[in-house]
Amino acid sequence: MHHLLLLLLPLLTSASRFPLHEPTVVMTPPDNNHTWADFDRFLHAQRGAEVPGMSELKKYFVRFGYLPTFNATNDDTIDDIYDARLAYAVSIYQTKLGLPVTGTLDSVTISSIKSPRCGLPDSAVGPGPARRFAFFDGQPRWARPAPATLTYAFSPDGVVRYLSMNDVRAVFRRAFDRWAAAIPVRFIETRDYVSADVKIGFFSGDHGDGKPFDGVLGVLAHAFSPDSGRLHLDMAETWAVDFGNEKSLVAVDLESVATHEIGHVLGLAHSSVKEAIMYPSLSPRAKKVDLRLDDVEGVQALYGSNPNFRFSSIESDTSPSGPSPSSGILDRRMGTGEVHDS
Ligand SMILES: [Zn+2]
Ligand SMILES: [Zn+2]
């Protein structure tokens, strides 16, 4: 099925070169669509120019927290002009994603924008000192006395048939264990989905929480800040538990995404550190499952340290007691994000 999709992609891309007039803000793109694939057309767009379809890029920046929300009832106020606000959003995006801050739509930036990613917005923008990990607004956390226990369960309905439940359970077991090694929180699987603290499921399109999934790639998953516990994976992805057995070019590593989304469940927002689990994007066929120093420092700021945790177990190029690494380009503080439990 996905091979067919790849064959169709050039057709879809050329068709969408025509100006798009979307009737509403909330769209459910056609299934099996590589969201954002045609954003290449914005490469090297010039400030002040009108570029057909640029409004789609503005909506992207609205969605992920880099432009203020437009009036939902008056969608045509979003024009195709590469204006100063969009240029500013580009530079803030580059800062937050740890890219060279050029303020232009260069190839590195376009490539990053097109990358499959988590559906949560990145931290709210604003001036201030450099920061790596981030929390949601108000720093919500699971307020239980340590050592805390959180239960998790899998939705009986939101399952993908091509994965065995045993594989899915093992993937999440490992993902939870990585976080549990760092903080004094235990995670226990329960079959009682309704009363579980963390509710995990695969869902497609509009699934009732106001954050519809978008088909193949684009947004891969999302989760909600404490103490919601909802963790949703886009059923349209080709989820892989073993790339040796899953050859699809658009396969996404379930364990990498699970580990990232559990970070949100615990209260971490997106990090600017590319190597961190909490970095917002993940390439197809990439595997990134180990917590980095940035992830550990973030989650321990919320919950304290697991007494058995050793920093030496974390791969990092910095000493835990040393100064924070500075990339030199993170010259402004990315404020904490919005609360995602709507
Ligand atoms: Zn995320
Ligand atoms: Zn959802």
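Values quoted throughout were computed directly from the atomic coordinates according to the rules given, and no laboratory measurement underlies them. This is a predicted model, so every value here is computed, not measured. Reconstructed Cβ throughout: ideal geometry from the backbone, glycine too, with neighbour counts over all protein chains shown.
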### Query
Too long at a 19 Å Cα-Cα cut-off: which of K58/K96; K59/K211; K58/K114; K96/K287; K96/K274; K114/K199?
K96/K287; K114/K199
#### Entry: For the range 154-165, Karplus couplings with θ = phi - 60° (6.51, -1.76, 1.60), whole Hz, Gly/Pro x
9, 4, x, 9, x, 10, 9, 6, 7, 9, 7, 4
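Please order K59, K247 by the number of other Cβ within 10 Å, starting at the fewest. Walk me through the numbers before you get to the answer.
Values: K59 17, K247 12.
Lowest to highest Cβ neighbour count: K247, K59.
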### Message
At 0.36 nm per residue, and after removing the present C-alpha to C-alpha distance, how many nm does the segment from K247 to L43 gain when stretched out fully?
### Response
70.4 nm
### Query
Can you put Y82, Y193 in order, fewest other beta carbons within 10 Å first?
Y193, Y82
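Between T149 and S312, what FRET efficiency comes out of the Förster formula 1/(1 + (r/R0)^6) with R0 = 30 Å and r the beta carbon distance, rounded to 0.05?
Values: r = 27 Å, r/R0 = 0.90.
FRET efficiency, S312 to T149: 0.65.
Quick check: residue separation of E275 and D290 times 0.36 nm, minus the Cα distance between them. What number comes out in nm?
Values: separation 15, 0.36 × 15 = 5.40 nm, distance 0.94 nm.
This chain segment gains 4.5 nm when fully extended.
Could you tell me which of rounded, prolate or oblate describes the range 102-219, using a ≥ b ≥ c as the square roots of the eigenvalues of the alpha-carbon gyration tensor, with rounded for a/c under 1.5 and, failing that, prolate when a/b is larger than b/c and oblate otherwise?
On the way: a/c = 2.10, a/b = 1.30, b/c = 1.61.
Verdict is oblate for the range 102-219.
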